[in-house]
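J.: Below is one structure. I have some questions about it.
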There are 2 protein chains.
Amino acid sequence: MEKQNYNHLTRTFQRLSRFGHLSAIAGWDMFTYMPPKGSAARGEALAELSVLQHQILTDKKIATLLQAAAQEDLNDVERANLREMTRRYQEAVLLPESLVEEKSLVGTRCEHGWRTQRPANDWQGFATNLKEVVRVSREEARLRAEAKGKSRYDALLDLYEPGMTSAKLDVLFGDLRTWLPDLLQKVVAKQSQRSMITPVGPFATGTQRELGLEIMQLLGFDFDGGRLDVSAHPFCGGVPEDVRITTRYDENDLVSSLFGVIHETGHARYEQNLPREWLGQPVAHARSTAIHESQSLFFEMQLGRSTAFLRLLLPKIIARFGAQPAFDVQNFVALNQRVERGYIRVDADEVSYPAHVVLRYEIERALIEGDIEVEDIPALWDEKMQHWLGLSTKDNYRNGCMQDIHWTDGAFGYFPSYTLGAMYAAQLFNAAKRALPQLESDVAEGNFTPLFDWLSQNIWQHGSRFTTSQLIANATGEDLNPLYFRKHLEARYL
Amino acid sequence: MEKQNYNHLTRTFQRLSRFGHLSAIAGWDMFTYMPPKGSAARGEALAELSVLQHQILTDKKIATLLQAAAQEDLNDVERANLREMTRRYQEAVLLPESLVEEKSLVGTRCEHGWRTQRPANDWQGFATNLKEVVRVSREEARLRAEAKGKSRYDALLDLYEPGMTSAKLDVLFGDLRTWLPDLLQKVVAKQSQRSMITPVGPFATGTQRELGLEIMQLLGFDFDGGRLDVSAHPFCGGVPEDVRITTRYDENDLVSSLFGVIHETGHARYEQNLPREWLGQPVAHARSTAIHESQSLFFEMQLGRSTAFLRLLLPKIIARFGAQPAFDVQNFVALNQRVERGYIRVDADEVSYPAHVVLRYEIERALIEGDIEVEDIPALWDEKMQHWLGLSTKDNYRNGCMQDIHWTDGAFGYFPSYTLGAMYAAQLFNAAKRALPQLESDVAEGNFTPLFDWLSQNIWQHGSRFTTSQLIANATGEDLNPLYFRKHLEARYL
């Protein structure tokens with residue numbers, strides 16, 4: 001057999017993928033349907049599984065197989081798959097099994113506590129659990145940093161966006177700092193000139209759900225291979241063959257759930273269109289968290305809040321909820337392109353969103369590097385919110401550092417992905433527009449086929465075949481260029 | 001350490017229990033929420049997990065540990081746990097890993113196919129998959145029979161109700177044959193004397209669900225540790241900490257979903273009240289499938305269809321759906337104690353139910369022993385339905401041998417549990433009545449505490465500590481005695 005080592009590895013990764021399937025579904029269930037008393041047993045079961053996955057991935061034979069496979073006659077896709085296998089092995093073998101189990105357990109506990117601590121604004125209770133998460137994540141960062149010869153935070157960052165560093169982020173986010181606060185101020189001032197009419201509810205959540213399903217259909221979601229459910233914090237989970245997205249409903253706020261659905265549908269279409277022929281192999285996975293976020297923001301922001309799309313959406317809303325003054329076209333477009341300084345990241349518009357991300361990036365980096373402690377978070381949060389958005393979160397933990405479940409599972413290093421994703425999304429949409437001169441009229445007519453074909457050909461179908469830089473350069477003709485994001489914001493909002 | 005071998009085993013079984021948790025939740029999801037395209041990947045993931053569980057359970061060390069632990073100083077519960085561990089090990093070690101994987105895969109495929117084949121009445125399509133299931137189950141039966149020195153069918157029967165044999169069943173079911181057809185005829189004739197008014201729908205399924213939840217609450221279901229959902233075939237799944245029951249709704253038939261809920265609540269309360277302090281160990285599991293069915297039938301038939309309970313239920317139905325002639329008390333009681341010859345086992349009343357079970361017992365035994373083939377099932381089904389119930393299922397596969405998902409996963413040997421369960425339920429209810437003289441008035445007042453305390457003390461809290469015979473003898477003063485079932489039917493229906 002020519003590729004016997006490589007083939008042996010593909011069987012191992014196929015097996016890992018099957019266990020990953022169970023982890024994904026049990027994880028989805030934990031956030032959607034699991035009753036509270038299931039939590040401890042679920043946490044233990046998932047921790048046991050993560051230990052098993054770690055054991056399989058770090059088996060002594062794997063290093064030998066990886067080395068031997070590198071000498072075999074592999075095609076481009078197989079070589080890319082081997083590169084991704086190697087990366088996973090190297091990241092896993094750094095961690096002792098006990099740490100993997102502990103990370104899983106403290107994460108589940110912290111998330112579970114958050115469900116009741118957030119409504120109660122119980123920072124002390126939450127901090128107790130979060131300290132355990134931080135302790136474990138610092139240990140993880142230390143081990144990764146030593147092995148990779150990087151700073152502790154960079155060693156985590158690299159997990160989500162391979163090759164990304166704080167040095168690069170400081171340049172990208174430093175650039176944002178030079179123009180974003182000013183832009184934000186100008187847009188808020190400009191928008192304050194016009195009065196907007198707010199939609200008057202209640203909007204029955206059942207009907208909101210039906211509308212969400214209709215829009216998912218319009219955006220090409222495959223319901224034979226996925227579902228829409230409800231969770232406290234919207235997310236896209238499951239597996240490529242069975243993608244589970246969630247939203248949350250507010251009877252008084254129709255568009256919040258809807259744009260949540262559009263955002264998660266972007267994630268879902270990426271997953272549903274990953275290369276079928278390699279499924280179960282690392283090369284068939286989404287490229288990175290930043291590219292994943294670029295797809296959700298492409299759907300939500302680039303496409304979803306464009307005037308053409310909003311005009312397409314409005315009659316569908318009126319058909320379900322009836323007309324009202326807020327549903328005047330001009331008003332509806334203005335409402336959904338409104339820029340406001342707010343507390344909640346996931347509700348933020350695309351102009352103020354980067355402020356939320358930079359704030360957390362700075363805090364989580366300092367936390368992992370050991371420059372600050374968990375107790376320091378609320379004051380720092382307040383200070384940075386005041387600085388960027390002029391809002392105080394003093395004693396308002398529930399809308400401050402306890403507003404979502406990021407950090408509870410120790411996913412430090414993930415946050416920058418959101419703003420990197422926004423930048424990639426703007427760059428990709430610009431390239432799509434150049435490639436598709438009819439794009440705006442196509443969108444106005446509800447014909448998304450050319451746009452989604454472009455995304456599929458340029459992003460979705462490649463999985464992890466290329467590095468992020470190669471993928472973006474192939475799709476757009478250049479590496480990440482944050483200018484497209486700035487130009488997009490200026491064009492839409494100024 | 002005094003009990004080091006035993007303690008090593010408890011850690012292994014704890015680990016198995018955690019993987020069992022994931023299997024239970026992914027299995028529940030498969031029947032409730034999974035979209036069709038998830039099926040193949042789910043089947044592979046569950047098969048991979050079943051192979052892993054089999055590997056852990058049949059590890060070479062286990063036999064040595066079991067032998068060594070038997071010499072250790074164990075208390076009664078530990079010794080019972082060791083007995084159950086040994087039984088599981090011995091049952092597992094008989095099967096090669098490849099057969100375990102194949103059984104899981106052909107089972108998932110057959111169940112998945114059934115979902116569309118049943119509505120299409122597609123016997124040929126279903127038979128193709130079922131043949132694979134039968135082939136694997138026959139091989140399993142052959143291996144178990146050789147090792148246990150039993151007949152092939154008895155070797156499977158023993159998995160569900162340890163110690164049960166076809167010889168014993170032939171006595172029990174032979175007894176039924178002497179009086180049940182006659183009783184059935186008499187009851188049907190007697191009931192034909194009175195005209196009954198059928199409830200007129202539609203009954204909104206959302207309201208049916210709310211009513212179901214109310215009754216679950218009344219029956220002590222713990223919603224912090226479980227849920228109610230929908231599936232094509234009602235079941236009780238999940239884990240003791242998180243029990244998942246399902247029902248199905250028909251807008252024109254209010255009581256079918258409701259009694260489904262009551263039945264599954266019986267299973268659920270058993271699971272929710274298994275001994276907490278041993279959870280994760282084999283001794284904490286439900287005693288057997290027959291005892292499990294005895295609890296659901298205790299709830300549905302002994303309690304649920306008693307006149308006192310029906311009188312309690314009726315005002316709750318009227319409160320949600322309004323009054324109508326069918327909801328006259330006498331009529332409502334008569335309706336829910338109606339005996340009718342029907343095609344569908346799960347809709348059958350308790351008088352005709354044993355006919356469905358004996359029919360399948362005879363067919364599945366012949367199938368496993370190799371006396372008949374899958375192709376022979378429809379004709380045999382038709383013949384036996386004609387004999388027992390005077391109904392023909394010729395060409396009506398969907399309401400004949402394709403009516404439910406029993407057999408699709410190769411659970412041959414399970415069917416007798418239903419009628420054994422009905423017999424145990426009658427015997428237990430009789431013992432409870434003797435112990436609780438106030439029972440009928442308690443039920444009429446909705447006070448179930450004494451009854452459920454009795455069940456908890458006599459059945460639920462013991463898990464698998466005792467053999468079935470011991471458990472029943474401790475609870476009722478004698479071993480299984482089918483006379484109670486006959487007396488119950490005669491008292492209620494003649």
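The values are calculated or read from the model by the stated rules, or taken from the named source; none is laboratory data. The model shown is predicted, which means the values in this text are computed figures rather than measured ones. All Cβ positions, glycine included, derive from the backbone under ideal geometry; neighbour counts span all protein chains shown. Calculation scope for accessible area: heavy atoms of the full protein, side chains included, ligands and nucleic acids excluded. Shrake-Rupley method; radii C 1.70, N 1.55, O 1.52, S 1.80 Å.
J.: If you find the alpha carbon centre of region A:125-147 and of region B:202-233, how far apart are they in angstrom?
T.: Between the Cα centre of region A:125-147 and that of region B:202-233, the gap is 42 Å.
J.: Using Cα-Cα distances under 8 Å and only pairs 6 or more residues apart, what relative contact order does chain A have, in percent?
T.: Across chain A, relative contact order equals 19 percent.
J.: Across peptide A:10-21, what mean number of C-beta atoms from other chains lies inside 10 Å of a residue's C-beta?
T.: The shielding value for this peptide is 3.
J.: Taking the label point 7 Å from Cα in the Cβ direction, how far apart in nm is residue A:121 from each other copy of itself, listed shortest first?
T.: 6.6
J.: List, shortest first and in nm to one decimal, how far the label point of residue A:252 (7 Å from Cα along Cα→Cβ) is from its counterparts in the other copies.
T.: The projected label point of residue A:252 is separated from its counterparts by 4.5 nm.
J.: Between B and A, buried accessible area summed over both sides at probe 1.4 Å, in Å² to the nearest 100?
T.: Rounded to the nearest hundred, the buried surface is 3000 Å².
J.: Specify, for chain B, the residue whose C-beta is closest to the rotation axis mapping it onto chain A, with the distance given in whole Å.
T.: B:22, 2
J.: Below 18 Å, Cα to Cα, which lysines can residue A:150 reach? Residues fewer than 8 away in the same chain don't count.
T.: Within the straight-line limit of under 18 Å, residue A:150 reaches these lysines: A:168.
J.: Solvent-accessible area of residue A:453, probe 1.4 Å, all protein chains present, reported in Å² to the nearest ten, please.
T.: 70
J.: Sticking with this one: Per-residue accessible area for residue A:148 at 1.4 Å probe radius, Å² rounded to 10?
T.: 60
J.: For region A:152-494, give the magnitude of the charge dipole about the Cα centre (Cβ charges: +1 Lys/Arg, -1 Asp/Glu; no others), in debye to the nearest 20.
T.: Roughly 960 debye for region A:152-494.
J.: May I pose another question? Give the aspartates and glutamates reachable from residue A:148 as a straight Cα distance under 17 Å; neighbours fewer than 8 places away on the same chain don't count.
T.: Excluding near neighbours in sequence, the set is A:84, A:91, A:139, A:140, A:158, A:161, A:369.
J.: Tell me the distances, shortest first, between residue A:366 and the same position across the other copies, using label points 7 Å along Cα→Cβ, in nm to one decimal.
T.: Nearest to farthest, the other copies are at 8.0 nm.
J.: Net charge around residue B:110, counting only other residues with Cβ within less than 9 Å of its Cβ (Lys, Arg = +1; Asp, Glu = -1)?
T.: -2
J.: Still on this structure, please answer the following. With 18 Å as the limit, write out which pairs from A:433/A:487; A:103/B:61; A:37/B:316; B:186/B:487 have Cα-Cα distances beyond it, or answer none.
T.: Cα-Cα > 18 Å for A:103/B:61; A:37/B:316; rest within.
J.: Once you have a ≥ b ≥ c as the square roots of the Cα gyration tensor eigenvalues for region B:151-494, tell me rounded if a/c is under 1.5, and otherwise prolate or oblate according to whether a/b is larger than b/c.
T.: rounded
J.: Further question on the same structure: Quick test of the membrane-span-like rule: which DSSP H helices of chain B reach at least 20 Å along their long axis (C-alpha atoms) with mean Kyte hydropathy at least 1.0?
T.: B:307-321
J.: Taking the alpha-carbon distance from residue A:190 and a cut-off under 14 Å, which aspartates and glutamates remain once sequence neighbours fewer than 8 residues away in the same chain are dropped?
T.: A:182, A:340, A:490
J.: Would you please classify the overall shape of region A:348-494 from the alpha carbon gyration tensor, given that a ≥ b ≥ c denote the square roots of the eigenvalues, rounded means a/c under 1.5, and beyond that prolate means a/b larger than b/c while oblate covers the rest?
T.: It comes out prolate by the Cα gyration axes.
J.: If you don't mind, there's one more thing I want to ask. From other protein chains only, count the Cβ atoms within 10 Å of every residue's Cβ in A:52-62, then give the mean.
T.: That average works out to 1.
J.: Could you please state, rounded to a whole Å, how far the C-alpha centre of region A:251-323 is from the C-alpha centre of region B:379-442?
T.: Taking the Cα centre of region B:379-442 as reference, the centre of region A:251-323 is 49 Å away.
J.: Below 13 angstrom from the Cβ of residue B:414, what's the summed charge of the other residues (Lys, Arg +1; Asp, Glu -1)?
T.: That works out to -3.
J.: Rounded to the nearest 10 Å², what accessible area does residue B:264 have for a 1.4 Å probe in the complete protein model?
T.: We get 10 Å² for residue B:264.
J.: Right, something else. Run through the DSSP bridge list for the protein assembly as shown and note the antiparallel percent, rounded to the nearest 5.
T.: Around 50 percent of the beta bridges assigned by DSSP in the protein assembly as shown are antiparallel ones.
J.: Quick one: order B:215, A:372 from most to least accessible surface, probe 1.4 Å.
T.: So, going from the largest accessible area down, we get A:372, B:215.
J.: Counting only protein heavy atoms and using a 1.4 Å probe, what share of the accessible area of region B:151-494 belongs to carbon plus sulfur, as a whole percent?
T.: C and S atoms contribute 48 percent here.
J.: Also, quick follow-up: If DNA, RNA and ligands are ignored and the probe is 1.4 Å, what is the ranking of A:285, B:488 by accessible area, most exposed first?
T.: Descending order: A:285, B:488.
J.: Considering only protein heavy atoms, what per residue accessible area in square angstrom results for region A:3-91 with a 1.4 angstrom probe?
T.: Value for region A:3-91: 40 Å² per residue.
J.: Tell me which of A:412, A:33, A:358 sits at the most positive position along the dipole axis of chain A, charges placed on C-beta atoms (Lys, Arg +1; Asp, Glu -1).
T.: After comparing all options, I get A:358.
J.: Residue B:432: net charge of surrounding residues, Cβ under 13 Å, Lys/Arg +1, Asp/Glu -1, itself excluded?
T.: -1
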